[in-house]
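Accompanying notes for the structure given below.
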Amino acid sequence: MRGPAAQALGRVVSWRQRAQRLRGVPLVAVLRLIGAQPDRYDPHKWHTCRGVLSVTGTRFMNWNCGQGGGGAIDLVIHLHQLGFGPALKWLESHFGAAGIVAPSPSPRRSLALPPPSPEHLEGVRRYLSQERHLPAALLEGLIGSGSLYADARANAVFILRSKLHEPVGAELRGTTAVPWRGMAPGSCKDRGFFAVPTAPLLATIVLCESAIDAMSCHALHPQYRCLSTAGTRPNPAWLAELLGHADQLYCGFDSDDTGEAMAQSMMRLYPAIQRLRPSRKDWNDVLRMAP
């Protein structure tokens with residue numbers, strides 16, 4: 001068999017193979033990843049952004065809305081209100097194409113921020129200003145507030161803060177020749193976010209996928225307060241409360257397939273949110289290409 005029919009069949013087989021690998025991801029691993037909390041008294045119940053779920057093996061049931069399903073794909077579709085394809089991409093982005101999960105998930109670790117390393121700060125400052133084209137004044141303000149510093153591996157450390165301004169995590173970005181990004185051990189992305197400016201002085205908010213994108217968006221649009229969701233997530237736990245404090249909230253996720261799918265999912269969950277799409281792939285690309 002050749003031609004378009006064969007190509008279409010190949011795509012169907014590919015989707016089926018991907019789905020088969022990812023359906024086996026443990027539901028508890030997905031729930032922990034999105035910040036769901038186990039019930040204090042019933043180990044089969046989990047408190048999520050969409051209500052209380054009962055989980056038994058590979059099956060789940062949401063008693064708040066009378067919906068249930070089986071397997072990790074169904075769970076992601078339910079929690080994030082995604083279509084089948086975007087749900088597969090979400091699982092692959094977090095667990096790999098093979099759906100590999102650590103065999104024994106450990107309890108949530110305490111936050112362990114990397115200690116500041118002043119001797120590497122100039123290298124981090126140079127990377128962010130020269131390679132990422134971020135304004136020096138913006139960098140100095142964040143460094144002065146303690147929201148940005150360098151660690152012993154010359155990573156840029158961007159602090160996530162709770163509504164009480166307490167550190168609850170950190171995005172880490174490599175600044176040497178080897179590209180690298182990650183989170184500080186014990187980070188809880190659903191308890192807070194990285195923000196530019198750090199204080200809630202501006203009533204219009206833009207949600208971005210990373211700290212560097214949030215900084216870039218604010219450099220381009222200083223009238224907006226820009227926050228990082230620390231990954232492409234349509235429903236951070238702090239989002240609903242944030243909506244009540246913003247005059248306008250925009251989703252500024254990347255202009256790629258994943259960013260578009262997650263933005264549409266977020267706007268379905270929260271119709272008051274509007275799309276603010278970067279003219280290139282992401283906000284830092286826009287900033288670096290600006291005249």
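The values are calculated or read from the model by the stated rules, or taken from the named source; none is laboratory data. All values derive from a computational prediction rather than experimental measurement. Every residue, glycine as well, gets a Cβ built from its backbone with ideal geometry; the counts of neighbours run over all protein chains shown.
Taking the conditions exactly as written (exposed (fewer than 14 other Cβ atoms within 10 Å of the Cβ), under 24 Å from T232 (Cβ atoms) and outside the structural domain of N235 (by TED's automatic domain parsing)), does G69 satisfy them or not? So G69 does not fit the description; no.
Could we say that G51 is within 21 Å of the chain's Cα centre (by Cα), farther than 15 Å from F95 by Cβ and not assigned by TED's automatic domain parsing to the domain that holds G186 here? For G51, the condition - within 21 Å of the chain's Cα centre (by Cα), farther than 15 Å from F95 by Cβ and not assigned by TED's automatic domain parsing to the domain that holds G186 - is met.
Yes/no matrix, rows are residues, columns are (1) of a type outside the set (A, V, I, L, M, F, W, C); (2) at pLDDT below 90:
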residue	(1), (2)
Y41	yes, yes
H44	yes, yes
C49	no, yes
L53	no, yes
T58	yes, yes
A72	no, yes
L75	no, no
L82	no, yes
A87	no, yes
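When restricted to residues that are crowded, with 19+ Cβ neighbours inside 10 Å and assigned to a helix (DSSP H, G or I), the range 140-170 contains 1.
Residues in the range 265-291 that are touching a Lys or Arg at 6+ places or on another chain (Cβ under 8 Å) and surrounded by fewer than 20 Cβ atoms within 10 Å (Cβ to Cβ) were compared, and the one that is nearest to R161 (Cα to Cα) is M267.
Contact map, the range 185-206: residues that are more than 17 Å from D247 (Cα to Cα) and at pLDDT below 95 paired with residues that are in a loop (DSSP other than H, G, I, E, B) and aliphatic (A, V, I, L, M), Cβ distance under 7 Å, separation 6+ or inter-chain. Pairs shown: P185/A112; G186/L111; G186/A112; S187/L111; K189/A230; D190/A237. Of the helices (runs of 4 or more DSSP H) entirely within the range 190-291, those holding at least 2 residues that are more than 24 Å from Q130 (Cβ to Cβ) and in the same structural domain as L139 (by TED's automatic domain parsing) occupy 239-243, 257-269.
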